[in-house]
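Quick notes on the structure that follows.
The values are calculated or read from the model by the stated rules, or taken from the named source; none is laboratory data. Given the structure is predicted, the values throughout are model-derived calculations rather than measurements. Glycine also receives a Cβ, built like all others from the backbone with ideal geometry; neighbour counts cover every protein chain displayed.
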Amino acid sequence: MSRRSGTRPSPPARAKDPTKKRQDAGAANGNGRKQVGSRAFTRRAQATRRRPTVRRGPTWETAISGFASRLPSLSLAPVLRRLPRAALICALIACLNAICWSLVTPPFELTDEPDHFAYVKQLADTGSLPTSGSEETAEEELAALIALRYYKVRQQPQNHTISSHAEQAELESRLASGPHDRGSPAVGAALSEPPLYYALETVPYSLAKSGTVLDRLQLMRLASTLFAGLTALFAFLFIRETLPGTRWAWTVGGLCVALAPLLGFMSGAVNPDSMLAAVSAALFYLLARAFRRGLDMRVAVAIGAVSAVGFLTKLNFIGMAPGVVLGVIVLTARAWRVSGRSALRPLAVALGIAFSPVVLYVAINMLSHREPLGPVSDAIHDPLHTSVLGQIGYIWQLYLPRLPGMTNDFPGLFTTRQLWFDGYVGFYGFLDTTFPGWVETLALIPAGAIALLCIRSLLRGRAILRGRWAEIAVYAIIAIGLLALVGADSYRRFPEIDAEYAQPRYLLPLMALFGAALALAARGAGRRWGPAVGALIVVLFLAHDVFSQMLVAGRFYI
Amino acid sequence: MREVRIALIAGLALLVAGIGVALARSPMSVARTNGTPSREEAIAFTTHGATYCQSDELLPQGTSAIRLSFFAFAGPRLRVVVYAGGRSVTSGESGSGWTSRVVTVPVKPLARAVSGATVCASFQMRDEELTVFGKFTSRPSAARNGREVLSGRMWIEYLRPGTRSWASLVPTILSNMTFGRASSGPGIVVLALLLLAAVAILSSRLVLRELR
């Protein structure tokens, strides 16, 4: 670590350089408009190539020190100093909001939270991974669940959490005198998930080890709220890279992500979705940065590392991986025009780092005579559904209206509206807390206005869009990959269950794109009214957040 | 800048007004239930359309929603019709896509109580399973799906707007929030309210500073 820090240019010195900021902001032409797209990239790359370079012999020492110097600094302070203040405030707001959600949502009353808690318990207590997908909860956790009336409250909105001193005394007595069993080999739905998020959560779990199950859960929830901050931060930075000419719009997008109730709700709980949202936002930012400034070794290492973290966080990342690989290939192809074969090095580094956990995992499984992909193998071998066209038709209809010629897989259900839009408006608790139908209908008005403004903005900037089609295609393929994975997973249980994974939380990895769309919508109102419309959009998200928390409080604590 | 300030103030004023309107309303409360068993039983399963009817129901005056104990992952559109004396006395629908162990169907409010009513819930489905919860009973009093007799009676709750507003329930809600926590006491409620206020203030300040 110290070696890395010592061999790279001092970050504070770079930060103080007044010209650096301008360079970082991208090449600007006389009108102050940023040059973006492949032509701008080629011009910048050619300028870089013309600089005289001293070729050295390729020794191991120089190779390693050169590689280390390109790695990002691990010191946080200089990094924070370089970040826009608005981005940091957005991150702070997202954290505070998620903490508030962690207090409003009752313990364990959120999709699969008992399973995720059990996974951490197993990892922290025994150091080994869980082995069973059953819901035979460990005695210690079970005692808490029963005392909290969890099984009566879950999915039954007519029932509420404990509300008397007698019940509280009973809970405290059970927590104090209950069994303290080690580990929890059965983790229900969390079994197939990779261990990184849970490994991180063992830190707060262990810190509160002397406390009760509820102490540990609350501390773990607080740790999870940090991911909300990171998601908002990287979403802000992504918007800054993609819409460099409209500074105020970055704040609109970043604030809306920070205030999104779905992000606060999920990040205020123990669930790897929160970490995947942060990882994905970071990845979008890195790709956007690379599309604007070129794929150098530092960014390649960062993309590889963040992708590796994504693979280790949640299986859903697999859906995003093809888009990320395509992005790195497109960036390499651009660099090839000016740098030739040396452009392949960042590609190899990025892909090598990104897929190293997957390769390692497969190797370990094969050496242990297990299925190469572990529990994921079962998901791939699906004897029930063999029709590819049927699967494509199902995935299409899970998100969009049915096309002529497709079998109707969702009769009487407008999936776009009822599963996704209504779900985004409000789908809290253990999928049992929703707004009344009229609220979902009312929400269509601002959503429609935002969509129209966004389209207007895209149409007005279509000339710029044409120059950035490859970048946009990469983002689209990342999003489509994720949607397809969620759809394919749901299809496995179809028709027994129509749409098992049709839950908006699975789309949290696309928060950065969502923020950019909202920033675009504000920009679509024009130069004069854009900031005012942006302010209204932010207040709309704040209102959505406040009413959502009121909804949850009213459902559980009345 | 002036436009941003006006938009922000107007938006926040609307938010406060909206909270006021929401707090002035009353939450639905259970006017009557046909018996909450200590342990619910699954009395029917279906993967296709059905019309479940249950006789001898008593609907209180003012009933404006009917809660049925159905479970589905992506529930179908549901239509509820209440018959008494051979004619429909109220009806209502809920949209598809619900997920829960219960589904609440808003109906036209009843002007007076109705006894000896038959409550029918009908829906169309294909393949996905819907479970009906209730209590095992003898065949004569059990619910029916056409000629098919279910294993028992469906559990139904009749809801109407409560007599207390959300505003008057706020102290109860805040008090209940302190239970079932790592540390009980009012601190958690105060902290949650402070956090929410901080989020609103920080967001507003950032909007005023950056959006110009």
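Quick notes
- Here B:Asn176 fulfils each of the conditions (1) within 23 Å of A:Glu496 (Cβ to Cβ); (2) assigned to a helix (DSSP H, G or I) apart from (1).
- Matching option when the condition is more than 14 Å from chain A (Cβ to nearest Cβ) and crowded, with 18+ Cβ neighbours inside 10 Å, among B:Leu59, B:Leu68: B:Leu59
- Among the residues of the range A:161-180, those identified as at the interface with chain B (Cβ under 7 Å from one of its Cβ atoms) and either in contact (Cβ under 8 Å) with a residue 60 or more places away in the chain or among the polar types (S, T, N, Q) (or both) are A:Thr161, A:Ser163, A:Gln168.
- Residues in the range B:114-142 that are within 14 Å of another protein chain (Cβ to nearest Cβ), surrounded by fewer than 19 Cβ atoms within 10 Å (Cβ to Cβ) and out of contact with any Gly (no Cβ under 7 Å at 6 or more places or on another chain): B:Ser122, B:Arg126, B:Asp127, B:Glu129, B:Thr131.
- Residue within the range A:213-222 that is outside the structural domain of A:Ala512 (by TED's automatic domain parsing), within 21 Å of A:Ile89 (Cβ to Cβ) and in a helix (DSSP H, G or I) present: yes
- Meets criteria (over 30 Å from A:Thr246 (Cα atoms), in the same structural domain as B:Leu58 (by TED's automatic domain parsing) and either in contact (Cβ under 8 Å) with a residue 12 or more places away in the chain or not aromatic (Phe, Trp, Tyr) (or both)) for B:Met125: yes
- Here the range B:80-112 is the region considered, the condition is being of a type in the set (Gly, Ala, Ser) and within 8 Å of another protein chain (Cβ to nearest Cβ), and the residue that is nearest to A:Gln158 (Cα to Cα) is B:Ser100.
- Enumeration of residues in the range B:181-212 that are among the small types (Gly, Ala, Ser), over 30 Å from the mean Cα position of the chain (by Cα), buried (at least 18 other Cβ atoms within 10 Å of the Cβ) and at the interface with chain A (Cβ under 7 Å from one of its Cβ atoms): B:Ser203
- In the range B:104-113, the qualifying residues are those that are in contact with a Ser or Thr (Cβ under 8 Å, 6 or more places away or on another chain) and surrounded by fewer than 15 Cβ atoms within 10 Å (Cβ to Cβ), and the one that is nearest to B:Leu59 (Cα to Cα) is B:Pro109.
- Matching residues in the range A:523-539 - criterion: being on the phi < 0 side of the Ramachandran plot and either at pLDDT below 95 or more than 7 Å from chain B (Cβ to nearest Cβ) (or both): A:Arg523, A:Gly524, A:Ala525, A:Arg527, A:Arg528, A:Trp529, A:Gly530, A:Val533, A:Ile537
- Matching entry among A:Ala147, A:Ala143 (being modelled with pLDDT of 90 or more, facing another protein chain (nearest Cβ under 9 Å) and touching a helix residue (DSSP H, G or I) at 6+ places or on another chain (Cβ under 9 Å)): A:Ala147
- Options A:Leu419, A:Leu431, A:Leu398; residue that is crowded, with 16+ Cβ neighbours inside 10 Å and assigned to a loop (DSSP other than H, G, I, E, B): A:Leu431
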